[in-house]
Each structure stands twice: as structure tokens, then as C-alpha cells.
Amino acid sequence: QVQLVESGGGSVQPGGSLRLSCVASGTRSFELYAMGWYRQAPGKQRELVALITSGGSTNYGDSVKGRFTISRDNAKKSMYLQMISLKPEDTAVYYCNARRSAGLYDYDYWGQGTQVIVSS
């Protein structure tokens with residue numbers, strides 16, 4: 001039903017910056033979704049990076065707090081992650097997530113992921 005398309009990943013030097021984007025389609029209720037970024041490094045579990053609710057409240061994983069900023073633009077049905085001061089341990093596939101409860105149904109959608117590589 002809802003499709004999420006991510007972009008903005010790439011390779012960057014330690015200390016560099018990247019901006020990830022996630023564009024949603026297939027819904028006319030984008031503003032009702034909580035949106036989040038998750039990441040998964042090789043051999044590790046998927047972890048929460050940042051979350052932004054339908055009301056605009058944000059939460060960050062401890063490892064990225066102070067370096068990453070999540071935002072959303074409901075008019076564009078888009079969500080963003082500004083990453084600065086990148087570290088090698090930030091290397092992972094980053095996934096866009098949309099979640100919403102509607103009556104008796106819970107909706108949980110994922111993007112395809114975008115690769116971020118931080119290395120010298």
C-alpha cells in the first residue's frame with residue numbers, strides 16, 4: 001500500500017556529512033504516520049537511529065544523539081536525516097520506516113535501505 005523510497009547514501013570520510021531522504025507514496029495520510037530511521041551494520045542487529053512522530057516530537061539513539069537530526073515535510077510526504085561528524089561505526093544500511101495505527105489495524109512499512117559507508 002505505502003511505498004518508501006530512500007536516497008542520499010554513499011561513501012564519506014570520517015567527520016563528513018550526508019543527508020538521507022525518504023519519500024512516501026500510496027497514502028493520503030502521511031501526516032498520521034510516525035516516521036523513523038533504522039540502521040543495520042554487518043553482523044549486528046537493526047537499531048533505531050531516530051524517530052519523529054506525527055506531532056513532530058523526536059527521539060534519537062544514544063550513539064547518534066547530538067550528531068544526527070531527523071525532520072519531516074508533510075507537504076512533500078518526505079522525511080530526512082541530516083548526519084554530521086560521521087564515524088566509521090556509522091557504516092550501515094539505513095532504512096526508512098513508517099508506522100501508524102488505524103482502528104484495529106497496525107501498519108508498518110519499510111524502505112529498501114540505502115548504504116552509508118564511512119571510511120578513510
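How large is the accessible surface per residue of the chain, computed with a 1.4 Å probe and reported in Å² as a whole number?
Details: 6450 Å² over 120 residues.
Here the residues of the chain average 54 Å² of exposed surface.
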**OP:** Report, in whole Å, the centroid distance computed from the Cα atoms of the range 24-65 and the range 76-107.
**Re:** 3 Å
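Normalized C-alpha radius of gyration of the range 24-120, against 2.2 N^0.38 Å?
On the way: Rg = 13.8 Å, N = 97, 2.2 N^0.38 = 12.5 Å.
Computed over Cα atoms of the range 24-120, the ratio equals 1.11.
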Original post:
Straight-line reach from LYS44: which aspartates and glutamates have a Cα under 14 Å away, not including same-chain ones fewer than 8 places off?
Top reply: GLU89, ASP90
Original post:
In nm, to one decimal, how far is the modelled label at ALA41 from the one at ARG19, with both set 7 Å along Cα→Cβ?
Top reply: 2.6 nm
**OP:** Report the local net charge at ASP106: Lys and Arg +1, Asp and Glu -1, summed over other residues whose C-beta lies under 14 Å from its C-beta.
**Re:** +1
Subject >> Vicinal HN-Hα couplings computed from phi for the range 42-53 (Karplus, 6.51 cos²θ - 1.76 cosθ + 1.60; Hz; Gly/Pro x) >> reply: x, x, 10, 6, 5, 10, 6, 9, 7, 9, 10, 7
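The values are calculated or read from the model by the stated rules, or taken from the named source; none is laboratory data. Bear in mind the structure is a predicted one, so any value in this text is a computation, not a measurement. As a convention, Cβ positions derive from the backbone with ideal geometry for all residues, glycine included, and neighbour counts pool all protein chains shown. These accessible areas exclude ligands, DNA and RNA; they are computed on the full protein's heavy atoms, side chains included. Shrake-Rupley method; radii C 1.70, N 1.55, O 1.52, S 1.80 Å.
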